[in-house]
Amino acid sequence: MKRRSFLCAPLVLTVTRTTAAVMYPAVTAPTPLAFPRDHGSHPDFRTEWWYVTALLQDERGESCGVQITFFRNRPGLAEDSHSAFAPRQLLFAHAAIALAPRGRLAVDQRAARAGFGLAVASEATTDVRIGDWSLVLGERGYSARIPARDFSLALDFVPRQPPFLQGERGVSRKGPQPAQASFYYSVPHLATHGTLTIDGRERPLSGDAWLDHEWSSEYLAAAARGWDWVGLNLDDGSAVMAFRIRDRAGATYWAGGASRDPAGRITTFAPADIEFAPLATWRSPRTGIAFPVRCRLRAGELDLVLEPLLDDQELDARATVGTVYWEGAVHALRGGNRVGRGYLELTGYGEPLRL
């Protein structure tokens, strides 16, 4: 999703030419996920990403949105080449900070081919790096180190809940055909502590984060234009993920998601259980794209309003993955009262995604 494309990463490479000899493995159900191995990369698959989002607070109580995403892509090019320069695996990373007083995101991006010790995605566990950017799973939890151009992040994330398998035991359908699927799990309610350095000030940050790890070989369906996705850490300890893939007319092509309550009970949502209803639209002054940044989410019996931390959370990633999307920190409201925090992702609101 994602992240995030659900089927190709949130936002796949601009490299699309493949060789006829390349065979990508399919996602099939039921295929049980096994940890710690499935925390690591799956290089045979076309696309994969590790996606961390959090709406945190600093020592003054000011809210700060954080997005860190690492993508891995197997473009299917030069796979028979013995050259170390052959682009058999490509890595990308996005990092974005949302602070209301700034009015818009602070963003940075990285891209590299795997190898030469400069970029790596371990198959053993989560250990993905591009230069001095990293997301690593250790004995106590995850750590992210992102020395970006205009800011620097040093965050640690400690799991308090087990992985949340999405779909059918980790196989998440993304369309009406069984092959339209991804392997997908989340780790919600990660206890988060660390620092953000921005505008000459170091801010201690704390709160809850959300991690998604997803991989697939399928492209987004030809009939689809883009998707809406949300991951929410609710204040009672529950976790909610919901998405809908939109067709070219803006109607729902497919939808799904799940919730997990504090006792660990999981409710899986069918396509008819999900509704994203726009309540307010923001139009970007840079791209002219209109995004439904405030919306009502219905997911089964859940009925929530998603309120953005700030309207301008547009991320222009055309330089790395070829698209523009909205990736925003949101508060979840019920009856006007805040009941949780999370991230909303909106894609395909400009040009249809061409994956």
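Numbers below:
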| quantity | calculated |
| --- | --- |
| Residue satisfying all of: in the range 272-282; under 22 Å from Leu310 (Cα atoms) and among the small types (Gly, Ala, Ser); surrounded by the fewest Cβ atoms within 10 Å (Cβ to Cβ) among these | Ala277 |
| Qualifying residue in the range 203-210 (condition: farther than 25 Å from Pro101 by Cα and surrounded by 23 or more Cβ atoms within 10 Å (Cβ to Cβ)) | no |
| Residues of the range 262-313 classified as hydroxyl-bearing (Ser, Thr, Tyr) and part of a loop (DSSP other than H, G, I, E, B), total | 2 |
| Residues located in the range 241-268, provided they are of a type in the set (Phe, Trp, Tyr) and surrounded by fewer than 18 Cβ atoms within 10 Å (Cβ to Cβ) | none |
| Residue, surrounded by the fewest Cβ atoms within 10 Å (Cβ to Cβ), within the range 211-237, restricted to residues that are more than 17 Å from Phe276 (Cβ to Cβ) and within 16 Å of the chain's Cα centre (by Cα) | Trp215 |
| Test: residue in the range 94-111 that is under 30 Å from Asp261 (Cα atoms) and charged (D, E, K, R) | no |
| Some residue of the range 117-124 being in contact with a strand residue (DSSP E or B) (Cβ under 9 Å, 6 or more places away or on another chain), polar (S, T, N, Q) and surrounded by 19 or more Cβ atoms within 10 Å (Cβ to Cβ) | no |
| Every residue from the range 136-194 that is of a type in the set (S, T, N, Q) and assigned to a loop (DSSP other than H, G, I, E, B) | Gln161, Gln166, Gln177, Gln180 |
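Condition check ((1) under 18 Å from the mean Cα position of the chain (by Cα); (2) loosely packed, with under 12 Cβ neighbours inside 10 Å; (3) aromatic (Phe, Trp, Tyr)) across all residues:
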site: Ala239; (1), (2), (3): yes, no, no
site: Ala270; (1), (2), (3): no, yes, no
site: Pro285; (1), (2), (3): no, yes, no
site: Ile289; (1), (2), (3): no, no, no
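Every number here is computed from the coordinates shown, using simple stated rules; none is lab data. Note that this is a predicted model, so its numbers are computed, not measured. Heads up, the Cβs are rebuilt from the backbone with ideal geometry, glycines too, and the neighbour counts pull from every protein chain shown.
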